[in-house]
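Peer 1: Here's a structure for you.
The values are calculated or read from the model by the stated rules, or taken from the named source; none is laboratory data. Since the structure is predicted, the reported quantities are computational estimates derived from the model, not experimental observations. For neighbour counting, all protein chains shown are included, and Cβ atoms are generated from backbone atoms with ideal geometry for every residue, glycine included.
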Amino acid sequence: MTFMGIPPRRLRFLLLLTAGNLGIWMLVAFFAASEFYHRTVVMGMGQPFDQALEVQICTGLLWAAFTPIVVFIAQRLAVQRTNLRRNVAIVIAILPLLAVFRAAFGGAVNDLAEHHPVSAGMITLSIGIRTHRDIAILAAIFFLSNFADTQREASAQERQRLRAQALLARTKIDELRTRFQPQFAIRMLRHIGSVLRDEPKAADALIVNLSAILRRSMGRTSDEQIRLADELEHLDRCLDLCRAGGRFSVTVRYLAGEDVLACHVPALILQPVIETVVLDLTSGGGGSVEVRCGREENDAVIEVCSTAASRGTPVTTTLRIPCEAAA
């Protein structure tokens, strides 16, 4: 649902921007009124505070109305690397013109506020009094607008860079999963074939388990978030498959606290490591696996140390995974 063709999200942003603009200039008006009132008291003039505040609020409202125009011009003349000299020259030339226009407009409004016809004398006086200060205010608005745009662009580029890194990591995971899975499936089918000769009934259960493992690997996507405990349980199922039939002796040890096990991590993040470990152990006649999990700030640090019986030398893989706390 839109309001006058403006999407709700855009409308909320514009309303917040308008409220912020008014709020800032009202604070400036209150400060200027208090400063003017204090000065008159020190000088012995003693102008009432409400009169000073009324004048400053009027001035603040004029600036609040004028600010979007200045920001619009500043965005069209962004001081960036492209056209830098040209835009800086235009800004330097246009600031005095905008200041004169703002001062003249303020003088006209002052006449109308006092129920007087607009006079050239008041406009000339306003230009003479306010132009210098208005140039400084306009320069500050130009600077803040460019600074905000620069920060917003830098933030957008950083978000885009992080998305690209996440996409690249996901692609690598999927690529590794595609590369290892045929070897993993073939190795497990050969293992099931050897069990089938000696224990046909056990082989049926192994086929069902292997189907469930492969289905899980292919059915999940790397952008899905699951508990780390579920990923480790998947490792356990794969190792159970190796132990079946007694051909491979595999021991596994987990060192992990409940806080890290409850963390949510991308699904299949351990899949390449799991398949590498299983292939290593089944090639070397079994062995041992130790999995150590810990938390470091917002990351889960996982170390998988596997030692094939025929090799004797442990191989450690360390993963540092951004994780989400359990809800």
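Peer 1: Quick one: residue 75 ticks every box in (1) under 28 Å from residue 124 (Cα atoms); (2) under 41 Å from the mean Cα position of the chain (by Cα); (3) polar (S, T, N, Q) bar one, so which box is it?
Peer 2: (1)
Peer 1: Specify the residue that is modelled with the highest pLDDT; the eligible residues are those in the stretch 202-220 that are closer than 18 Å to residue 273 by Cβ and out of contact with any His (no Cβ under 9 Å at 6 or more places or on another chain). Lay out the reasoning, then the answer.
Peer 2: First, pick out the residues of the stretch 202-220 that are closer than 18 Å to residue 273 by Cβ: 213-214, 216-218, 220.
Filter once more, so that each one left must be out of contact with any His (no Cβ under 9 Å at 6 or more places or on another chain): 214, 218, 220.
Working: 214: 72, 218: 67, 220: 62.
Of everything passing the filter in the stretch 202-220, 214 is modelled with the highest pLDDT.
Peer 1: OK, next. If I ask for residues that are modelled with pLDDT of 80 or more, in a helix (DSSP H, G or I) and not acidic (Asp, Glu), which ones from the stretch 240-260 would you list?
Peer 2: 260
Conditions (1) surrounded by fewer than 14 Cβ atoms within 10 Å (Cβ to Cβ); (2) without any contact (Cβ under 8 Å) to a residue 12 or more places away in the chain; (3) not in a helix (DSSP H, G or I), marked per residue:
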residue: 28; (1), (2), (3): no, no, no
residue: 60; (1), (2), (3): no, no, no
residue: 87; (1), (2), (3): no, yes, no
residue: 95; (1), (2), (3): no, no, no
residue: 108; (1), (2), (3): no, no, no
residue: 124; (1), (2), (3): yes, no, no
residue: 139; (1), (2), (3): no, no, no
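Peer 1: Going by what's in this entry, would residue 70 be described as outside any helix (DSSP H, G or I) and either β-branched (Val, Ile, Thr) or touching a helix residue (DSSP H, G or I) at 6+ places or on another chain (Cβ under 6 Å) (or both)?
Peer 2: no
Peer 1: Would you confirm whether any residue within the stretch 303-313 is at pLDDT below 85, assigned to a strand (DSSP E or B), assigned by TED's automatic domain parsing to the domain that holds residue 199 and under 25 Å from residue 208 (Cβ atoms)?
Peer 2: Quick first cut of the stretch 303-313, residues at pLDDT below 85 only: 308-313.
Cutting the leftovers down to assigned to a strand (DSSP E or B) gives us 308.
Now restrict to residues that are assigned by TED's automatic domain parsing to the domain that holds residue 199: 308.
So of that shortlist, the ones also under 25 Å from residue 208 (Cβ atoms) come out as none.
No, because not a single residue in the stretch 303-313 is at pLDDT below 85, assigned to a strand (DSSP E or B), assigned by TED's automatic domain parsing to the domain that holds residue 199 and under 25 Å from residue 208 (Cβ atoms).
Peer 1: Here is a follow-up. From 252, 260, 291, 265, which residue is within 30 Å of residue 199 (Cα to Cα), in contact with a Leu (Cβ under 7 Å, 6 or more places away or on another chain) and either in the same structural domain as residue 310 (by TED's automatic domain parsing) or buried (at least 20 other Cβ atoms within 10 Å of the Cβ) (or both)?
Peer 2: Result of the check over 252, 260, 291, 265: 252.
Peer 1: Return the only residue of 99, 78 being assigned to a loop (DSSP other than H, G, I, E, B), of a type in the set (A, V, I, L, M), assigned by TED's automatic domain parsing to the domain that holds residue 128 and surrounded by 15 or more Cβ atoms within 10 Å (Cβ to Cβ). Lay out the reasoning, then the answer.
Peer 2: Numbers: 99 fails: assigned to a loop (DSSP other than H, G, I, E, B).
After ruling out the rest, the residue left standing is 78.
Peer 1: Let me ask something else. Specify which of the listed residues (155, 145) is surrounded by 13 or more Cβ atoms within 10 Å (Cβ to Cβ) and under 25 Å from the mean Cα position of the chain (by Cα). I'd like the intermediate steps shown before the answer.
Peer 2: Numbers: 155 fails: surrounded by 13 or more Cβ atoms within 10 Å (Cβ to Cβ).
Testing whether each residue is surrounded by 13 or more Cβ atoms within 10 Å (Cβ to Cβ) and under 25 Å from the mean Cα position of the chain (by Cα) leaves just 145.
Peer 1: Pairs under 6 Å by beta carbon, first residue closer than 16 Å to residue 61 by Cα and surrounded by 11 or more Cβ atoms within 10 Å (Cβ to Cβ) in the stretch 1-26, partner modelled with pLDDT of 75 or more and among the hydrophobic types (A, V, I, L, M, F, W, C), six or more apart or different chains?
Peer 2: Qualifying pairs under 6 Å: 21/64; 22/64; 25/63; 25/64.
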